[in-house]
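Chemist: This is the structure, below, for whatever I ask next.
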Amino acid sequence: MPNLEHPAYPAADLLHLESLVPCRESQVSTLLSIFGERQQFSFPSLFIYGHTSSGKTYVMKTLLTTLQLPHVFVNCVEYFTSRLLLEEILIQLQSCSSGTGQTSPVHCDTLNDFIRLFKQAVASWELQDQTLYIVLDRAEQLREMEANILPAFLRLQELTDRNVTVILLSEIVWELFRPNIGCFEPFTMYFPDYSIGHLQKILSQNHPPEYSADFYAAYINILLGVFYMVCRDLKELRHLAALNFAKYCEPVVRGEANERDTRKLWKNIEPHLKKAMQTVYLREISSSQWERLQHDGGEPGQLKGLSAHTHVELPYYSKFLLIAAYLASYNPVRTDKRFFLKHHGKIRKTNFMKKHEKTSNHLLGPKPFPLDRLLAILYSIVDNRVAPTANIFSQVSVYLLFYLLFSI
């Protein structure tokens with residue numbers, strides 16, 4: 001029995017939609033209830049939030065496209081200013097209303113211009129009072145725009161007197177959006193993370209036709225057993241599954257094992273999955289390079305990537321500033337003359353040591369030092385002459401900002 005039922009949409013379309021959004025049937029059913037029939041006024045604004053790769057963008061695109069609902073889809077990261085955002089909405093509306101995909105330049109400097117042009121674009125589209133959906137993906141970028149943009153989108157149905165619903169997709173909660181002066185409260189909806197059972201079901205649907213579904217499901221079960229604790233991103237897991245499946249199948253291809261011999265298959269794939277754990281999310285090397293490494297039996301570190309670098313090269317003076325700070329914090333003041341002057345004169349040796357100096361300075365921890373002493377040590381350890389410019393002092397402030405130095 002299908003999980004999605006709505007009298008306003010054909011049963012065949014709902015059945016097809018259900019097959020496209022596995023493990024998100026309850027969220028789609030809630031959205032259909034909110035949308036209602038095509039000509040009904042829906043809720044003015046919806047706020048959908050959830051973690052990365054929880055299906056927000058995919059579900060919304062699939063729902064609107066499959067049911068052929070009039071919509072505009074805009075990514076707020078790509079259109080990062082209010083003018084670019086408003087003009088892109090109008091351009092997409094103009095493209096849909098013309099039917100040919102051809103658009104003319106649109107200039108929209110203010111919110112009043114947008115409302116006026118929006119009314120004209122909706123009237124020329126001939127929607128027959130159907131609800132128009134404006135979807136703003138990565139909506140947290142709206143907080144960086146003018147203060148009137150977010151409240152205006154939340155009340156766009158009221159401002160334009162048109163059948164329009166604005167849908168905000170975000171990874172953060174609504175409480176971080178709400179302006180201090182207050183605004184119209186949208187209907188909030190949460191997309192939970194996929195459970196391990198959901199990931200197993202979704203990833204198992206992509207099995208190659210030359211292998212059985214049970215064989216690929218067993219491989220996905222092994223993959224999730226290794227990566228689920230460190231990675232729950234569906235896109236990353238799908239990438240890892242496609243990347244390592246050929247290695248998993250090698251014993252079957254060579255005739256050394258059959259599809260049910262899980263022990264031999266696991267022993268063959270285990271070392272390669274451990275290698276892949278080192279570069280989860282980084283994508284330091286391409287898929288072709290990774291496959292070549294697996295074929296040659298090499299290590300990921302053989303190719304230069306982010307994790308292959310064991311050190312980070314600092315600017316010239318920044319490096320010596322850190323060295324000078326280390327020397328000033330661990331060496332007593334009375335040793336500066338002996339360490340940092342070429343002609344320091346004769347120093348009388350003595351075996352007398354104070355009680356608190358018997359312990360290593362590294363065990364006692366760093367000691368505070370004045371800025372003048374830091375700069376004096378810097379000037380002595382750098383080979384060439386160093387002018388006390390603003391660049392040097394700005395480096396000190398940067399180190400304070402990044403907690404490499406502390407001010408007392």
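The values are calculated or read from the model by the stated rules, or taken from the named source; none is laboratory data. Just so it is clear, the model here is predicted, and its values are computed rather than measured. Here the Cβ is made from the backbone with ideal geometry for all residues, glycine too, and neighbour counts use every protein chain on show. The area values use the complete protein model at the heavy-atom level, side chains included, leaving out ligands, DNA and RNA. Shrake-Rupley method; radii C 1.70, N 1.55, O 1.52, S 1.80 Å.
Chemist: List, in order, the whole-Hz ³J(HN,Hα) value for each residue of region 236-248 obtained from phi through the Karplus relation with A = 6.51, B = -1.76, C = 1.60 and θ = phi - 60°; use x for Gly and Pro.
Modeler: Each residue's phi maps through the Karplus curve to give 5, 5, 5, 5, 5, 5, 5, 6, 9, 5, 4, 5, 5 Hz.
Chemist: Along Cα→Cβ, 7 Å out, is where each label goes; now give me the distance between the ones at Tyr317 and Gln130 in nm to one decimal.
Modeler: 6.4 nm
Chemist: Quick one: length gained pulling His16 to Asn112 fully straight, 0.36 nm per residue minus the C-alpha distance?
Modeler: Details: separation 96, 0.36 × 96 = 34.56 nm, distance 4.07 nm.
Answer, rounded to one decimal: 30.5 nm.
Chemist: Net charge within 13 Å of Trp174 by Cβ-Cβ distance, Lys/Arg positive one each and Asp/Glu negative one each, not counting Trp174 itself?
Modeler: Details: positive: Arg143, Arg178; negative: Glu140, Glu171, Glu175, Glu185.
Cβ neighbours under 13 Å give a net charge of -2.
Chemist: Phe47's amide H: which non-local residues (gap 5+, or another chain) put their own amide H closer than 5 Å, with H modeled 1.01 Å from N in plane and none for Pro or chain starts?
Modeler: The answer is Leu168, Phe187, Thr188, Met189.
Chemist: Where the accessible area of region 1-156 is counted over protein heavy atoms with a 1.4 Å probe, how much of it, in %, is carbon and sulfur? Can you show the working numbers first?
Modeler: On the way: 3720 of 7390 Å².
Here it works out to 50 percent.
Chemist: Past the 23 Å Cα-Cα mark, which pairs from Lys235/Lys267; Lys56/Lys235; Lys61/Lys247; Lys56/Lys201? Each step should come with its number before you reach the end.
Modeler: Details: Lys235/Lys267 26 Å; Lys56/Lys235 13 Å; Lys61/Lys247 34 Å; Lys56/Lys201 18 Å.
Those over the limit are Lys235/Lys267; Lys61/Lys247.
Chemist: With θ set to phi - 60°, apply the Karplus curve 6.51 cos²θ - 1.76 cosθ + 1.60 along region 368-383 and write out the HN-Hα couplings as whole Hz, x wherever there is a Gly or Pro.
Modeler: Whole-Hz 3J(HN,Hα) from phi for region 368-383: x, 8, x, 5, 4, 5, 4, 5, 4, 5, 4, 5, 7, 8, 7, 5.
Chemist: Given a Förster radius of 60 Å and the C-beta distance between Leu243 and Glu185 as r, what FRET efficiency does 1/(1 + (r/R0)^6) yield to the nearest 0.05?
Modeler: The formula returns an efficiency of 0.85 here.
Chemist: A further question follows. For region 175-185, what does the Karplus curve 6.51 cos²θ - 1.76 cosθ + 1.60, with θ = phi - 60°, yield as ³J(HN,Hα) per residue in whole Hz, taken in order and with x for Gly and Pro?
Modeler: Per residue, the Karplus-derived 3J(HN,Hα) values read 4, 7, 8, 4, x, 5, 7, x, 6, 5, 7 Hz.
Chemist: Now for a different question. Kindly identify region 1-40 as rounded, prolate or oblate by the Cα gyration tensor criterion: order the square roots of the eigenvalues as a ≥ b ≥ c, call it rounded if a/c is under 1.5, otherwise compare a/b with b/c, prolate if a/b is larger, else oblate.
Modeler: On the way: a/c = 2.22, a/b = 1.40, b/c = 1.58.
Taking the square roots of the gyration eigenvalues as a ≥ b ≥ c, region 1-40 is oblate.
Chemist: Which far-off residues, 5 or more places away or on another chain, put their amide H under 5 Å from the one on Leu405, with H placed in the peptide plane?
Modeler: Here the answer is Leu400, since their amide H atoms fall under 5 Å of that of Leu405.
Chemist: While we're here: Could you state the accessible area per residue of region 1-136 in Å², with a 1.4 Å probe and every protein chain left in place? All intermediate terms of the calculation are to be shown ahead of the outcome.
Modeler: Values: 6490 Å² over 136 residues.
Averaged over the residues of region 1-136, the accessible area is 48 Å².
Chemist: Also: For region 146-215, with every protein chain kept in place, what is the accessible area per residue (1.4 Å probe, Å²)? Could you put the intermediate results ahead of the total?
Modeler: On the way: 3620 Å² over 70 residues.
Averaged over the residues of region 146-215, the accessible area is 52 Å².
Chemist: Out of the GluC sites (Glu not before Pro) in region 81-140, which ones are loop residues according to DSSP with at most 10 other C-beta atoms within 10 Å?
Modeler: On the way: sites: Glu87, Glu88, Glu126, Glu140; in loops: Glu126.
Passing sites in region 81-140 are Glu126.
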